[in-house]
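What follows is a single structure, written as structure tokens, with notes after it.
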Amino acid sequence: MLHIPTTFNPIPIMKKSAVFSLLAALALACLGAPQARSATLWDFDFRDGTTSGKTGFAVIGQAVNDFWNSPGVPFSYGYVASSLQSADGTTTSVSVGVTNAPGNWSNGGLVTDVMYNSYQYLYPSSGNMTLTFHDLPVGSYTFYVYGHGNADQHNGVYTMDIGGTSVTNSTTTSSSWTNSVWAEGTQYVRFQGVTVASAGDTVTLTVLPGSGGYPLINGLQIISTPDAPTDVVTFSGVSQVLVGWDSVSGASTYNLKRSTSSGGPYTTITNVSTTGDLDLDVTNGITYYYVVSALDSFGDEGPDSAEASGTPYAITALWDFDFRDGTTSGKTGHAVVGLATNDFWNSPGVPFSYGYVTSSLETSDGTTTSVSVGVTNAPGNWSNGGAVSDVMYNSYQYLYPSSGNMTLTFHDLPVGTYDFYVYGHGNADEHNGVYQMDIGGSPQTLSTTTDSDWTSSTWMEGVQFVQFQNVTVASSGDTVTLTVLPGSGGYPLINGLQIVQH
């Protein structure tokens with residue numbers, strides 16, 4: 001995340017939906033708190049086959065009385081342990097088959113953890129051990145593998161298949177293996193993103209000989225990781241892309257990843273505890289592809305979401321409109337978008353007139369253009385009574401009697417592509433705004449809220465404003481029409497408008 005471009009000062013924005021719960025601000029407030037839930041956890045203590053003396057946590061855990069399976073069978077080169085229990089003592093259908101692990105030995109009290117103090121190993125040492133797990137539920141998992149023998153060189157070496165790639169991790173050959181503080185790469189290794197795609201799939205952990213010549217394992221924890229986030233959507237703006245997604249049960253944080261190629265490879269650009277983030281490290285005109293993954297409280301990462309893309313753009317020109325009583329607008333500067341703190345706002349309102357045209361409208365920098373707007377059925381003007389702080393948003397034009405629609409027809413916009421930001425709400429919760437535009441030959445209807453949050457000082461899409469993206473003026477002389485429909489309160493109304501040319 002880089003600095004905000006000097007050509008654009010973003011204002012907090014939020015789209016009001018479970019899918020797009022965002023705040024586009026310098027520092028995002030908490031948007032959608034991740035939902036808490038206990039992941040499923042299986043604990044394994046590979047000792048002499050008796051009940052494990054261990055309960056509770058190792059690197060991870062759920063409760064101080066977490067149950068540990070003890071599937072070891074001494075002097076056996078192959079066995080299967082079935083009906084393994086999860087950490088809360090629930091019997092499951094999960095089983096593990098172990099081959100080439102007849103030996104059992106102790107670390108002689110050099111370490112304090114009872115699971116870590118004993119291990120199974122292969123003797124003679126030629127070959128590998130294998131652990132094959134059956135009937136894990138479909139999902140994504142992280143494997144914590146504990147392994148070290150009773151000398152510095154007796155480390156553990158382990159291999160798993162992660163997404164079609166063989167990954168090998170090993171514990172240490174230094175004296176730090178006796179440390180009572182768990183450290184990844186010292187007493188244990190971690191395999192993230194182990195996927196069970198279909199019921200009946202198996203997962204295999206291969207135990208290789210370590211520096212001391214023996215394949216060995218002390219213990220194991222398998223924890224289910226959060227699901228992939230769904231409904232990932234983007235909001236492309238000026239020199240920025242906002243990305244939002246639904247919250248995931250069990251997630252503590254989320255990794256937002258980006259690529260300039262569809263399908264990746266993706267690079268993690270941020271880790272957030274919210275269900276959305278603002279990417280400012282972008283170049284206008286380039287399409288960016290995003291995926292999101294969820295992480296649990298231990299930092300275990302689930303699978304990536306489906307891909308969403310966004311293309312930031314630069315403002316070529318900006319026209320601002322404040323629909324009030326026809327006098328000069330009291331507003332300057334930004335609303336949702338803007339170019340400068342002194343941006344000019346046109347005030348085309350004509351009170352008590354059912355139809356008028358305002359010509360020679362100025363862009364935000366005060367340049368006079370040939371653009372004009374014709375407004376029909378908007379004789380009324382009213383105020384929100386100071387319930388909101390923005391002067392443009394505090395007044396609106398409306399139709400009375402309320403039968404029918406208002407229309408705004410824009411003439412002589414230069415050929416190009418535009419975004420229309422339409423602001424609309426009256427002075428009661430039910431007095432929302434409803435707007436319709438033709439986008440690519442299809443009418444699109446959007447509305448503001450009927451909830452009390454319409455008075456919020458933070459601009460939120462679907463609350464105080466709506467956005468019509470990629471409105472095209474294909475030829476000189478084409479017109480663009482915005483139709484204002486009656487809202488829940490029965491009145492068609494409009495407070496303001498911004499037209500951004502890409």
Q: Quickly work out the S261-to-D48 label distance, labels modelled 7 Å from Cα along the C-beta direction, and quote it in nm with one decimal.
A: 5.6
Q | Estimated FRET transfer efficiency (L485, T327; beta-carbon r; R0 25 Å; 0.05) | A | 0.40
Q: With a Förster radius of 22 Å, plug the Cβ-Cβ distance of S447 and N405 into 1/(1 + (r/R0)^6) and report the FRET value to the nearest 0.05.
A: 0.95
Q.
Quick check: convex hull over the Cα atoms of segment 342-492, volume per residue in Å³, rounded to an integer?
A. 113
Q) Taking the Cα atoms of segment 264-304 alone, what are Rg (to one decimal) and Dmax (as a whole number) in Å? A) 12.0, 38
Q: For segment 223-265 and segment 446-484, write down the distance between their C-alpha centroids in whole Å.
A: 25
Q. What accessible area per residue, rounded to a whole number of Å², is obtained for segment 55-188 using a probe radius of 1.4 Å?
A. 42
Q | Per residue Cα convex hull volume in Å³ - calculated over segment 337-423 | A | 118
Q | Distance between modelled label sites at T230 and Q469, nm, 7 Å Cα→Cβ extension | A | 2.1
Q.
Give me the extension gain from Y356 to T202: residue separation times 0.36 nm, minus the current Cα-Cα distance, reported in nm with one decimal.
A. 48.2 nm
Q) Given 0.36 nm per residue, what is the gain on full extension from A306 to V167 after removing their alpha carbon distance, in nm? A) 47.6 nm
Q | Hull-based mean projected area of segment 94-182, where the convex hull spans the alpha carbons, in square nanometres | A | 6.9
Q) So how long is each side of segment 276-396 along the principal axes, counting just the alpha-carbon atoms, biggest first, in Å? A) 63, 33, 27
Q. Ordered by packing density, taken as the mean number of other Cβ atoms within 10 Å over each peptide's residues, highest first, how do 452-463, 194-205 rank?
A. 452-463, 194-205
Q | Tail weight of P(r) past 24 Å, computed on alpha-carbon pairs of segment 217-332, percent | A | 41
**Q.** Ranked by how many other beta carbons lie within 10 Å on average, peptides 220-229, 65-74, 282-291 from highest
**A.** 220-229, 65-74, 282-291
Q) Mind checking the dipole of the chain: about its Cα centre, +1 per Lys or Arg Cβ, -1 per Asp or Glu Cβ, Debye to the nearest 20? A) 440
Q: Using just the alpha carbons, could you tell me how many Å³ per residue the convex hull of segment 54-112 encloses?
A: 96
Q) Residue farthest toward the positive end of the dipole of the chain, with Cβ of Lys/Arg at +1 and Asp/Glu at -1: which of V291, S174, V59? A) S174
Q) What accessible area per residue, rounded to a whole number of Å², is obtained for segment 381-502 using a probe radius of 1.4 Å? A) 36
Q) Sorted by packing (mean other beta-carbon atoms within 10 Å per residue), highest first, where do 340-350, 77-87 land? A) 340-350, 77-87
Q) Roughly how compact is the chain, stated as its Cα Rg over 2.2 N^0.38 Å to two decimals? A) 1.33
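The values are calculated or read from the model by the stated rules, or taken from the named source; none is laboratory data. Note that the structure is predicted; figures quoted are calculated from it, not measured. Virtual Cβ from ideal backbone geometry, glycine too; neighbours counted across all protein chains shown. What goes into the accessible areas is simple: the full protein's heavy atoms, side chains included, and nothing from ligands, DNA or RNA. Shrake-Rupley method; radii C 1.70, N 1.55, O 1.52, S 1.80 Å.
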